[in-house]
1. Exactly one condition in (1) over 21 Å from ILE118 (Cα atoms); (2) at pLDDT below 95 is false for ILE61; which is it?
2. Output the helices (runs of 4 or more DSSP H) that fall wholly within the range 1-106 and possess 1 or more residues being under 26 Å from ALA122 (Cα atoms) and acidic (Asp, Glu), or say none.
3. Just one of the numbered conditions (1) crowded, with 17+ Cβ neighbours inside 10 Å; (2) under 20 Å from the mean Cα position of the chain (by Cα) is not true of SER65; which one?
4. Could you tell me which residue of the range 128-164 is modelled with the highest pLDDT, considering only residues that are more than 30 Å from PHE117 (Cβ to Cβ) and among the aliphatic types (A, V, I, L, M)?
5. Can you name every residue in the range 72-120 that is surrounded by 13 or more Cβ atoms within 10 Å (Cβ to Cβ), hydroxyl-bearing (Ser, Thr, Tyr) and under 24 Å from LYS15 (Cβ atoms)?
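The values are calculated or read from the model by the stated rules, or taken from the named source; none is laboratory data. The structure presented is a predicted model; accordingly, all values stated were derived computationally and were not measured. Virtual Cβ from ideal backbone geometry, glycine too; neighbours counted across all protein chains shown.
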Amino acid sequence: MKREKKLKIDQDLQKMLIISIIASLCLVAGVPLIIFGASNFWPLMVIGIIFVVFGFYGSPILWVSYGSLRTTKRVVYAVLQENFTNVTEIASHLQISERQAKEILSKCIRKQYLPGFIFDGANLKKNDNKPLQNKNILNKCPNCGGGLEKTEDGERCPYCGSKF
């Protein structure tokens with residue numbers, strides 16, 4: 001069975017989950033570190049305080065970010081798997097507001113979760129533009145730096161003889 005390429009959104013979601021779990025564990029592990037550090041070894045107490053502060057303030061923020069990224073993943077899959085391309089359709093299908101769907105789609109384009117798509121504010125469409133050709137814009141030979149001369153077949157370097 002062929003393995004499918006993992007989407008960027010899945011990779012980011014996995015990273016966010018791991019960081020959120022670590023922050024939650026820091027809160028739990030920090031309390032005993034403070035207790036043992038206060039009675040025996042003060043650097044352990046300092047580490048415990050850092051863990052508790054990171055866990056206490058970081059965990060909620062990270063878990064909310066994780067939830068937001070899960071919603072973004074739902075939008076990406078609605079586009080890629082279910083072929084929804086209209087903001088109204090996506091919002092209706094996922095039970096979110098149209099404004100939220102627009103924001104999420106803009107974020108998906110910006111973070112390249114939907115590569116090959118163009119978003120015009122209401123609809124997504126495939127980007128059918130051809131890649132730019134590798135042209136010599138400065139009219140200089142990339143091999144020797146000499147000026148290029150135009151010929152019938154394109155351009156030619158009079159110094160090294162390279163043809164372009």
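1. Here ILE61 clears every test but (2).
2. Passing ranges, in order: 8-39, 87-94.
3. (1)
4. Result: LEU148.
5. Those that are surrounded by 13 or more Cβ atoms within 10 Å (Cβ to Cβ), hydroxyl-bearing (Ser, Thr, Tyr) and under 24 Å from LYS15 (Cβ atoms): THR72, TYR77, TYR113.
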